[in-house]
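**Student:** One structure, as structure tokens, below. Some questions next.
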Amino acid sequence: MNLELAKFYCSLCGYETWRGEAFCPQCGAPLEVYSRKAWSIARGSPSMWRYKSMLPRVNNIVSLYEGYTPLRVFRGVKVKDETRNPTGSYIDRGSSVLVSALRFTSAVLSYTPDFTLSLTAYLRASGSDVDVCLQGARAELGELLVSARFGARILFGECAPTVSYENPFMVEGFKTIAYEIYEQAGHVDCISIPAEEGILAYSVARGFMELSELGVAPDIPKIIVAVPASRVKAKIQEALVKLKHVTIENVDDRDIISEVVKLALKGLRVRPISATSYVAAKNKKDCIALLTGTEVKKVRTPQAAAREIRKLTRTQQAVLEIVKREGKATAYEVWRKLGGKVTLRGVYSTIDTLSKIGLLTEELEVRGYRRVKVFSLRS
Ligand SMILES: [Zn+2]
């Protein structure tokens, strides 16, 4: 999708624009990307792209298997575990939509915890150069190191970022949390979502509203927006409270820290902001807490993700097996080894998909007098 061709709208007041602004100039709500939506689930797709028909249309999906995260019960509270995303946070959902929709050859990011790492991973996967700029010297070193390992350049000083967290394409990605909870649990009474800015809570609430508008889910769950008391209110609180079904709740910072410690002792390392929603959900009946991100910055590689998920199609698995066994192979050689079970064209398209999701890498080789494309597993 070309940014100039995307239409953005405000669902609160009806404002429309063709410019890529983040917030509605009339009422301050986050803008959303207009696209014709229909509810269907691509069940073979082990990522949030199973709701492709609910997402902006893109030519090439840049995916690291984001979303499709589990609902688990943790110490008696049902949680939606977003720490299981490729870079450990829900932001990967937004990054995947944004990078798939707006292709970049280079991008400048202003350092923001979680966001920078997530977007760097997706931009690098799409082949873009990334500069991360730091104002001052405060940053989480672990995140910067992982970003640098991905090939980002670290710069110091003021810069003009290419994209920011408050981007309508991010909002569309975050909405998939609502679609997924609906697919996994059907109707739920209540969801607790942590908020600093409030964009995530706004997006998830809007995701549920869309399901209701499309006639898919008749009831919208009660959305508890959990704001740390020290923060007083979320940045877009005025817009949030205009959404029906949304209740704001302030959570004592001491309770948050004590819950972070308790969860960590039980093996779940979450950021304090994630524990905010956990505290708010704990004392309610049937309330799902959205755990947004982990403190541990260990990025799952696409290969590990694929292994973990084991949801590749049978053809994709067979192609990977052959390439692994051969070390290197052309598409034709893979087709020959498959023994006619798949058409040559099918093999080309499978290899294309596996390259796009980062499992295969291609290079040119000379065979006789010809130059051929050979594929190998990405290390
Ligand atoms: Zn508006």
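The values are calculated or read from the model by the stated rules, or taken from the named source; none is laboratory data. Since the model is a prediction, treat every value here as computed from it, not as a measurement. A quick note on method: Cβ atoms are made from the backbone with ideal geometry, for glycine too, and the neighbour counts reach across all protein chains shown.
**Student:** Out of the residues in the stretch 205-252 meeting the condition of being within 14 Å of A280 (Cβ to Cβ), within 25 Å of the chain's Cα centre (by Cα) and hydrophobic (A, V, I, L, M, F, W, C), tell me which one is modelled with the lowest pLDDT.
**Tutor:** A234
**Student:** Need the failing condition index for S63 against (1) outside any helix (DSSP H, G or I); (2) over 30 Å from L155 (Cα atoms), just the number.
**Tutor:** (2)
**Student:** Residues in the stretch 282-291: is at least one in a helix (DSSP H, G or I) and either among the aliphatic types (A, V, I, L, M) or exposed (fewer than 15 other Cβ atoms within 10 Å of the Cβ) (or both)? If you could, list the steps in order and put the result at the bottom.
**Tutor:** Within the stretch 282-291, the subset in a helix (DSSP H, G or I) is 282.
Subset that is either among the aliphatic types (A, V, I, L, M) or exposed (fewer than 15 other Cβ atoms within 10 Å of the Cβ) (or both): none.
No, because not a single residue in the stretch 282-291 is in a helix (DSSP H, G or I) and either among the aliphatic types (A, V, I, L, M) or exposed (fewer than 15 other Cβ atoms within 10 Å of the Cβ) (or both).
**Student:** Let me ask something else. For S258, all conditions in the list (1) over 18 Å from the mean Cα position of the chain (by Cα); (2) surrounded by 14 or more Cβ atoms within 10 Å (Cβ to Cβ); (3) in a helix (DSSP H, G or I) hold save one; what is the number of the exception?
**Tutor:** (2)
**Student:** Read through the list (1) within 16 Å of the ligand (Cβ to nearest atom); (2) within 16 Å of the chain's Cα centre (by Cα), then give the number of the only condition that G20 fails.
**Tutor:** (2)
**Student:** Right, here's the next one. I need the full set of residues from the stretch 181-220 which are hydroxyl-bearing (S, T, Y) and touching a residue at least 40 places away in the same chain (Cβ under 8 Å), in order please. Quick ask: steps written out before the conclusion?
**Tutor:** From the stretch 181-220, those hydroxyl-bearing (S, T, Y) are 182, 192, 202-203, 212; that's our starting set.
Within the stretch 181-220, S192, Y202, S203 meet the criteria.
**Student:** If I ask for residues that are in contact (Cβ under 8 Å) with a residue 60 or more places away in the chain and either in contact with a Ser or Thr (Cβ under 6 Å, 6 or more places away or on another chain) or surrounded by fewer than 16 Cβ atoms within 10 Å (Cβ to Cβ) (or both), which ones from the stretch 223-241 would you list?
**Tutor:** Step one: filter the stretch 223-241 for residues in contact (Cβ under 8 Å) with a residue 60 or more places away in the chain, giving 224, 236, 238-239.
I224, E238, listed by residue number.
**Student:** Same structure, new question: Looking only at the stretch 255-268, which residues are within 13 Å of E295 (Cβ to Cβ) and modelled with pLDDT under 85?
**Tutor:** G267, L268
**Student:** Name the pairs: first residue in the stretch 71-97 and of a type in the set (A, V, I, L, M, F, W, C), second residue assigned to a loop (DSSP other than H, G, I, E, B), Cβ to Cβ under 8 Å, at least 6 apart or on different chains?
**Tutor:** Listed pairs, sorted by first residue: F74/K266; F74/L268; I91/N85; I91/D114; I91/Y165; V97/L55; V97/P56; V97/V58.
**Student:** Tell me which residues, restricted to the stretch 81-102, are modelled with pLDDT under 95, surrounded by 24 or more Cβ atoms within 10 Å (Cβ to Cβ) and in contact with a strand residue (DSSP E or B) (Cβ under 7 Å, 6 or more places away or on another chain).
**Tutor:** E82, G88, S89
**Student:** Can you work out which of the residues in the stretch 23-68 that are farther than 24 Å from P161 by Cα and among the polar types (S, T, N, Q) is farthest from the ligand (Cβ to nearest atom)?
**Tutor:** S45
**Student:** Additional query: Among the residues that make up the stretch 354-367, is at least one of them at pLDDT 90 or above, part of a helix (DSSP H, G or I) and of a type in the set (S, T, Y)?
**Tutor:** No; the residues of the stretch 354-367 include none that is at pLDDT 90 or above, part of a helix (DSSP H, G or I) and of a type in the set (S, T, Y).
**Student:** Against the definition (in a loop (DSSP other than H, G, I, E, B), within 8 Å of the ligand (Cβ to nearest atom), buried (at least 16 other Cβ atoms within 10 Å of the Cβ) and not charged (D, E, K, R)), how does G14 come out, yes or no? I'd like the intermediate steps shown before the answer.
**Tutor:** Numbers: in a loop (DSSP other than H, G, I, E, B): yes; within 8 Å of the ligand (Cβ to nearest atom): yes; buried (at least 16 other Cβ atoms within 10 Å of the Cβ): no; not charged (D, E, K, R): yes.
Criteria not met by G14.
**Student:** For V334, indicate whether it is in contact (Cβ under 8 Å) with a residue 40 or more places away in the chain, closer than 28 Å to S96 by Cβ and touching a helix residue (DSSP H, G or I) at 6+ places or on another chain (Cβ under 7 Å). Spell out how you get there, then give the answer.
**Tutor:** Numbers: in contact (Cβ under 8 Å) with a residue 40 or more places away in the chain: yes; closer than 28 Å to S96 by Cβ: yes; touching a helix residue (DSSP H, G or I) at 6+ places or on another chain (Cβ under 7 Å): yes.
It is true that V334 is in contact (Cβ under 8 Å) with a residue 40 or more places away in the chain, closer than 28 Å to S96 by Cβ and touching a helix residue (DSSP H, G or I) at 6+ places or on another chain (Cβ under 7 Å).
**Student:** Being under 17 Å from H245 (Cβ atoms), modelled with pLDDT of 95 or more and of a type outside the set (V, I, T) is the filter here, so list the residues in the stretch 167-188 that pass it.
**Tutor:** The answer is F174, K175, A178, Y179, Y182.
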